[in-house]
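The values are calculated or read from the model by the stated rules, or taken from the named source; none is laboratory data. In this text the structure is predicted, and so the values were computed from the model without any measurement. Ideal geometry is used to build each Cβ from the backbone, glycine not excepted, and the neighbour counts take in all protein chains shown. Surface areas here come from the heavy atoms of the whole protein model, side chains and all, with no ligands, DNA or RNA. Shrake-Rupley method; radii C 1.70, N 1.55, O 1.52, S 1.80 Å.
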Amino acid sequence: GPAAGAVLGGLQPWSRYRLHVLVLNGRGAGPPSAEIQFHTPEGGERPPENGETGGPGSPKRGIGNTKKGN
């Protein structure tokens, strides 16, 4: 069935993110959505220092296939 949402894991506190949503089906990828911008709230003891990243692959994160098997 259709996916109504997705959860992004591995996001870091004190970070800003930008993403586009793509729909994939048997015919390929659809056009990207408008850019979505958001930030994560405080959660650590201090904000990252200049040049410090939020971890491997930050700030880019992928969303896996949400298609359910038959």
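Observations on the model:
- For first residues located in region 13-40 and under 17 Å from Pro2 (Cβ atoms), partners that are of a type outside the set (A, V, I, L, M) and open to solvent by 100 Å² or more (accessible area, probe 1.4 Å) and lie 6+ apart or on another chain with Cβ distances below 9 Å form the pairs Leu22/Pro31; Val23/Pro31; Leu24/Asn65; Leu24/Lys67; Asn25/Lys67; Ser33/His20.
- Every residue from region 20-39 that is open to solvent by less than 80 Å² (accessible area, probe 1.4 Å), not in a loop (DSSP other than H, G, I, E, B) and not aromatic (Phe, Trp, Tyr): Gly28, Ala29, Ile36
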